Every structure is written in C-alpha cells, then in structure tokens.
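Below: one structure, written as structure tokens.
Computed from the coordinates by the stated procedures, all read-outs in this text should not be read as laboratory data. If you're wondering where the values come from, they're calculated on a predicted model, not measured in any experiment. Because the Cβ atoms are built from the backbone with ideal geometry, glycine has one as well, and the counts that use them run over all protein chains shown.
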Amino acid sequence: MRTDYHVHLQESRGLTLDWLKVYVETAQEKGIDELGISEHAYFFDETAGILTHPWAEARRTLRFADYMKLYEEARGQGMNVKLGIEMDYIPGKEKFIRQFIERYPFDYVIGSVHWVGEFGIDLLIYREEYKKWDLKKLYRAYFDQVIQLAQSGLFQFVGHIDLIKIFGYRPDDEAFLDALYNEVVEVLAKTGTIIELSTAGWRKPVEEQYPSRAFLEKCFAAGVGIVLSSDAHTPEHLGYRYDDAVRLAWDIGYREVHVLEKRKATPVPLT
C-alpha cells in the first residue's frame, strides 16, 4: 500500500474543492491508495499562540472552519481523503498545541521542527545563517527539539526528521552524528513515534531523502515505523520518486508502512 499524508494546497492555489479534486485525481493516477491533506497550522487564526514569529504571523490569514468545510465537502462528494495538519513543534507550547489538536477530528497530526529559536532552518531567506553557527551546536539544538517532540506524545509522526540538512550543511564529524542519531532513535522507539520516509529531500539542495539511509537503518533496527510522504505543495509532486523510496525501504528491511485514521496508526504491507 502507498500513502501520501504530507500534502499542502494553500501555497499553490488555496483551499478550494476544485483544486483538491486535482490532487485526488493525480494521486489516483500515480497509484497512491490513501491521500491526506495536512496544511501548515500556522496559516490558521486558531494557532496564533503557538508559532509567533513575524514570518508566520504575516501568513496567518485563514480560519480553520474553512479547512473543515473543504474536508467535509470532499468527503460528501465521495473523495477518500484523510484530515491532517502539520504542526510546528515549539518547546513550551505543548498546552496550546494539545488544545488545538483536541478541538478537531484529525486523522493524524504531523509534528515538525522548522525553527531553532528565531532561525527558520528551511527558509531560503535564512540560508546564510548556517555559516554563523557551530554546526554541532545547531544540530544538537535541532535534534533536542525533535526528542522533545517525540516525548510530548502529541503527534502521529515526525515530519522530515533530519530537515536540518536541507541546504547541505552537516557537521564534519561522523561519530558525533552517529551518536546523535542513536539518541534520537532510542526516544522514537521508546515513545512509539513513527517517522515519515519523505521524498521531498530529493527536490532540495541536499538531494537526499529524509531521513538519510544511515538514520533510516537505525530506525528500522530499533523498530521505528514509517509512513510514506512527498511533502507535495503541487499535484505533480504527489508520490514523488516513490519507487525509489520503496526500494530503499525494502533494501533496509521494511516490509510495512502505517495508515492513519482517528489519530491511530495501523501497519499494512509496503508495496
């Protein structure tokens, strides 16, 4: 079974039923068995107390009722789409995140780390900031947040778990990275947190899936489950390089992916 749960509409043509239909039809053409929409939570007024950076504030222009209306209309027309959301995990905002999540009937909530303090790690406008950091300290700070995300128990899976590598900046110390990944994987396994095998990294400067092969091998060895995702922001990126992703997962040893419904994960065969 193939899924695509990490999917965005707003930044291309917005939250309209006609645009969602294009996504649904494209997913069917590409052999995706289950599609979920997972818009960025920072777009919605109801999340104003969570991510308060001016960059996000400038983009907070939607009401969640419109998102729910889109989902309900789609289901009413027979479209098999799951209701998701991508939340920025911000340390100290767990109470507000929980209140938002529990207010709505999500099938799944993606937890992602996009910010280390005031540093938007995946934004082009911040790319030069990497040169100002000690990369070991930056990676430590980033993965500390990933660990806290998993420990919070708020999310069904972690989005693009090693996003910090997006522009190709990595500490030149394999032993450091190996130990850091081991620490993260131990927490993922202990908390039962799933990760996504995301093909989005193949479209980014790093030109590598999330997570790296070495990281994914550690996840498999520890029994950490996966979902398949493309992080598509346009229909053509749905299921992007899924054949490559499935081959990688099989080569490492994975034989199952997870499907999500009502915030519960169920393993199914990976095909």
Test of understanding: express the Cα radius of gyration of the range 15-131 as a ratio to 2.2 N^0.38 Å, with N the residue count. 1.18
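Give me the percent relative contact order of the chain, please, defined on Cα pairs under 8 angstrom at least 6 residues apart. Intermediate results must be reported in sequence, preceding the final value.
Numbers: 479 pairs, mean separation 58.1, N = 271.
Relative contact order of the chain: 21 percent.
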May I ask for log10 I(q)/I(0) of the range 180-229 at q = 0.22, 0.23, 0.29, 0.32 Å⁻¹, from a Debye sum over the Cα atoms as equal point scatterers with solvent left out? -0.75, -0.80, -1.08, -1.19
If you restrict to DSSP beta bridges whose two residues both lie in the range 177-271, what percentage is antiparallel, to the nearest 5? 65
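Is it possible to state the helix-based mean residue ellipticity at 222 nm for the chain, with each DSSP H run of 4+ residues giving -39500 (n - 2.57), the sum divided by total residues, to the nearest 500 deg cm²/dmol? What is it?
-11000 deg cm²/dmol
Find how much the distance from residue 262 to residue 131 grows on full extension, using 0.36 nm per residue of separation minus their present alpha carbon separation; answer in nm with one decimal. Please report the intermediate quantities before stating the final value.
Working: separation 131, 0.36 × 131 = 47.16 nm, distance 4.22 nm.
Additional length available on full extension: 42.9 nm.
Averaging over every viewing direction, what projected area does the convex hull of the Cα atoms of the range 1-83 cover, in nm²?
On the way: hull surface 22.6 nm².
Computed as one quarter of the Cα hull surface, the answer is 5.7 nm².
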Of the candidates 104, 42, 71, which one comes out as most mobile in a Gaussian network treatment of the chain with C-alpha springs shorter than 10 Å? 104
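If you wrap a convex hull around the C-alpha atoms of the range 63-176 and split its volume per residue, what is the figure in Å³? List each step's numbers first, then the result.
Details: hull volume 15.7 nm³, N = 114.
Spelled out: Cα convex hull of the range 63-176, divided by residues, is 138 Å³.
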Of the listed pairs 21/131; 95/132; 82/165; 69/95, those with alpha carbons more than 31 Å apart are 21/131; 95/132
By how many nm would the segment from residue 255 to residue 124 lengthen if fully extended, with 0.36 nm per residue of separation less the alpha-carbon distance? 43.6 nm
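Out of the range 84-173, which trypsin sites (Lys or Arg not before Pro) are coil in DSSP terms and have no more than 12 other C-beta atoms within 10 Å? Before the final figure, lay out the partial values.
Working: sites: 93, 95, 98, 103, 127, 131, 132, 136, 137, 140, 165; in loops: 93, 103.
Those that pass, being in a loop and sparsely packed, are 103.
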Rh (Kirkwood, all Cα-Cα pairs) for the chain, Å, reads 18.7
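May I ask what percent, to the nearest 5, of DSSP beta bridges between residues of the range 84-179 are antiparallel? Write out the running numbers ahead of the final one.
Numbers: 2 of 9 bridges.
Antiparallel bridges make up about 20 percent of those DSSP assigns within the range 84-179.
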Pick from 76, 31, 153: which residue has the top mean-square fluctuation in a GNM of the chain where Cα pairs under 10 Å get a spring? 76
Relative contact order of the range 132-271, pairs being alpha-carbon contacts under 8 Å that are 6 or more residues apart, as %: 21
Expressed in angstrom and rounded, the centroid-to-centroid distance over alpha carbons for the range 82-103 and the range 193-261 is 23
Just to be sure I understand the rule: take each whole DSSP H helix in the chain, project its Cα atoms onto its long axis, keep it if the span is 24 Å or more and its mean Kyte-Doolittle hydropathy is at least -1.0. Which ones pass? 135-152, 174-191
Give me the base-10 log of I(q)/I(0) for the range 71-118 at each q in 0.15, 0.16, 0.32 Å⁻¹, Debye formula, one uniform scatterer per Cα, rounded to two decimals. -0.50, -0.55, -1.20
